[in-house]
Amino acid sequence: MIGAAPGRAAGPRRIEGTVSTSSTAPRTAPARPDAPAAPVPAAAAAVKFPAGPAPDPAGSRTEHRIRSFHARRGRITQAQAAAIDRHWARWGVELDGSPLDLAALFGDPGLPVVLEIGFGMGDATARMAAADPSTGILAVDVHTPGQGNLLMLAERDGLTNVRVANGDAIVLLRDMLPPASLAGLRVYFPDPWPKAKHHKRRLIQPSFLDLVVPLLRPGAVVHLATDWEPYAEQMLEVLEAAPGLANRYPAAGSAGAALGEGGFAPRPDFRPMTKFERQGLEKGHVVRDLLFTRV
């Protein structure tokens, strides 16, 4: 998914939430009645939440475009699962292609709504929502444990300005939102797809901005962050070329500013430190922020 760090350990090949294994794998003995329960396979976990996030809300397997993520169920804690059971009907959104009324979703026609794509476990999202209750956050991800964790944090902190969306963000942008409906876009530490042959899978592409820009109201802020320098350069190039966006930190005006040179923004105080940022800093990476405004 978006934000996943490169260089994961090798393991079974995962396809659409299932794990492929060799047909020559040894058979296991039947479990004893007193044996501890085995973890639920990812495919079986798909039916765990009949009223919760769907494995593929838009039927996107019929689409023949390059995907920038893989749907992930993963292991989920009892607390995360319970949060989904309690709150999905009220705070969850399926990205199935149906038109989405943000005013009705948040229950406030005057509430500005920022879209966040790829929130991981939701810790930074919850902190930003708590710091700015006057802004709604529509947070999109396909990681079920993260969805449950964000719902759990929202409940714990009494956050009423967060909604958790499940599915492909491209479906949301292309089919579900009206023009000028968003007050901002946040994409923090998306998957950099570092191999050259995989660059086409990166989320931040001209075609992505073609979908995003018409949905932004005047003055809306696009905020991206990455710790992968080549991707940061691509992000800057794509944003600079997008009609309707203006860099808040143009290269000519940011000379000499720490991490604000060359069109990149200084790290804003309002963006909490994320897990991926800490991991990048520990590896000696330079974190780049980009801040652009819809004009």
Checklist entry - Within the bounds of the range 91-103, is there any residue that is in a helix (DSSP H, G or I), more than 20 Å from L216 (Cα to Cα), out of contact with any Ser or Thr (no Cβ under 8 Å at 6 or more places or on another chain) and not acidic (D, E)? => result yes
Checklist entry - In this structure, is A180 under 21 Å from G107 (Cα atoms) and part of a loop (DSSP other than H, G, I, E, B)? => result yes
Checklist entry - Can you pull out the residues in the range 238-295 that are surrounded by fewer than 19 Cβ atoms within 10 Å (Cβ to Cβ), in a helix (DSSP H, G or I) and modelled with pLDDT of 95 or more? => result E240, A241
Checklist outcome for this item: Residue hits (the range 114-123; within 27 Å of P178 (Cα to Cα) and either surrounded by fewer than 23 Cβ atoms within 10 Å (Cβ to Cβ) or hydrophobic (A, V, I, L, M, F, W, C) (or both)) are V114, L115, I117, F119
Next on the checklist: I'd like the full set of residues that are touching a Ser or Thr at 6+ places or on another chain (Cβ under 6 Å) and either over 23 Å from Q147 (Cβ atoms) or not in a helix (DSSP H, G or I) (or both), limited to the range 190-220.
Outcome noted: L203
Item to check | Some residue of the range 164-185 being free of Cβ contacts under 8 Å to residues at least 24 places away in the same chain, out of contact with any Asp or Glu (no Cβ under 9 Å at 6 or more places or on another chain) and either of a type in the set (S, T, N, Q) or at positive phi (or both) | outcome: no
Next on the checklist: Looking at V212 and the list (1) surrounded by fewer than 20 Cβ atoms within 10 Å (Cβ to Cβ); (2) at pLDDT 95 or above; (3) within 23 Å of G120 (Cα to Cα), which single condition is not satisfied?
Outcome noted: (1)
Checklist entry - Any chance the range 104-116 includes a residue that's within 18 Å of A54 (Cβ to Cβ) and touching a Phe, Trp or Tyr at 6+ places or on another chain (Cβ under 8 Å)? => result no
Checklist entry - What number of residues in the range 138-181 are surrounded by fewer than 24 Cβ atoms within 10 Å (Cβ to Cβ), farther than 17 Å from H87 by Cα and among the hydrophobic types (A, V, I, L, M, F, W, C)? => result 7
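Conditions tested, residue by residue: (1) of a type in the set (G, A, S); (2) touching a helix residue (DSSP H, G or I) at 6+ places or on another chain (Cβ under 9 Å).
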{"site": "W91", "(1), (2)": "no, yes"}
{"site": "A104", "(1), (2)": "yes, no"}
{"site": "G110", "(1), (2)": "yes, yes"}
{"site": "M128", "(1), (2)": "no, no"}
{"site": "I137", "(1), (2)": "no, yes"}
{"site": "L150", "(1), (2)": "no, yes"}
{"site": "R156", "(1), (2)": "no, yes"}
Item to check | Search result, residues across the range 221-237 that are surrounded by fewer than 20 Cβ atoms within 10 Å (Cβ to Cβ) and in a helix (DSSP H, G or I) | outcome: E229, P230, E233, Q234, E237
Checklist entry - Just one of the numbered conditions (1) closer than 16 Å to L173 by Cβ; (2) surrounded by fewer than 18 Cβ atoms within 10 Å (Cβ to Cβ); (3) touching a residue at least 24 places away in the same chain (Cβ under 8 Å) is not true of S207; which one? => result (3)
Checklist outcome for this item: If you go through A225, A265, the only one that is without any contact (Cβ under 8 Å) to a residue 40 or more places away in the chain and of a type in the set (A, V, I, L, M) is A265
Checklist entry - Are any residues in the range 43-102 hydroxyl-bearing (S, T, Y), within 19 Å of L177 (Cβ to Cβ) and modelled with pLDDT of 85 or more, and if so, which ones? => result S98
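The values are calculated or read from the model by the stated rules, or taken from the named source; none is laboratory data. Being a predicted model, the structure only gives us computed values, none of them experimental. Backbone-built Cβ (ideal geometry, glycine too); neighbour counts: all protein chains shown.
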